[in-house]
Amino acid sequence: MGSQTFRYIDAWHTDRGFSDFVKKSWDKHNVEGNEIWSLKEKLKSLKQELRMWNKDTFGYVSSTKETIMLTISELDKKDEELGLDEEERIKRNIFLPN
């Protein structure tokens, strides 16, 4: 299995501990060798730690997003066909406020 592409998630900045986490993770890895290899290894370690931190802090964002988008789609379809009751309208507005 090949290496996965690193994906930066904008939501990370909403967590107050993000910058400190990155700095501590970066500083704790002292890699000997030429500068390019050292940089590559530090980035590789940071990527692994960010992946774990993301799951611990935000959970599974992609599957949560898919679930929310499906719910919105179902509510929109029902709204077009039959209309939404008050509870459904509130639920829809939580996901997509005006």
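Can you tell me which residue in the range 70-98 is surrounded by the most Cβ atoms within 10 Å (Cβ to Cβ), limited to those that are of a type in the set (D, E) and part of a helix (DSSP H, G or I)? Before you say what the answer is, go through the steps one by one.
Here is the first cut: in the range 70-98, the residues of a type in the set (D, E) are 74, 76, 79-81, 85-88.
Still in the list and also part of a helix (DSSP H, G or I): 74, 76, 79-81, 86-88.
Numbers: E74: 12, D76: 13, D79: 13, E80: 9, E81: 7, E86: 7, E87: 8, E88: 15.
Looking at the filtered set, the residue picked out is E88.
Tell me which residues, restricted to the range 33-50, are in contact with a helix residue (DSSP H, G or I) (Cβ under 7 Å, 6 or more places away or on another chain) and either among the hydrophobic types (A, V, I, L, M, F, W, C) or part of a loop (DSSP other than H, G, I, E, B) (or both).
Scanning the range 33-50 gives a single hit, L46.
Output the residues belonging to the range 4-42 that are within 20 Å of V61 (Cα to Cα) and touching a Lys or Arg at 6+ places or on another chain (Cβ under 9 Å). Steps first, please.
Filtering the range 4-42 for residues within 20 Å of V61 (Cα to Cα) gives 4-19, 21-22.
Listed by number, the residues that qualify are Q4, F6.
Within the range 45-57, can you find the residues that are without any contact (Cβ under 8 Å) to a residue 12 or more places away in the chain and either touching a Gly at 6+ places or on another chain (Cβ under 9 Å) or surrounded by 14 or more Cβ atoms within 10 Å (Cβ to Cβ) (or both)?
Here is the first cut: in the range 45-57, the residues without any contact (Cβ under 8 Å) to a residue 12 or more places away in the chain are 48, 51-52, 55-56.
Those that are without any contact (Cβ under 8 Å) to a residue 12 or more places away in the chain and either touching a Gly at 6+ places or on another chain (Cβ under 9 Å) or surrounded by 14 or more Cβ atoms within 10 Å (Cβ to Cβ) (or both): none in the range 45-57.
Condition test on I72, is it in contact (Cβ under 8 Å) with a residue 24 or more places away in the chain and of a type in the set (V, I, T)?
Details: in contact (Cβ under 8 Å) with a residue 24 or more places away in the chain: yes; of a type in the set (V, I, T): yes.
For I72, the condition - in contact (Cβ under 8 Å) with a residue 24 or more places away in the chain and of a type in the set (V, I, T) - is met.
Any read-out appearing in this document is the output of simple, stated calculations on the displayed coordinates, not a laboratory observation. Source: prediction; values computed, not measured. Here Cβ is always computed from backbone atoms with ideal geometry, including for glycine, and neighbour counts include all displayed protein chains.
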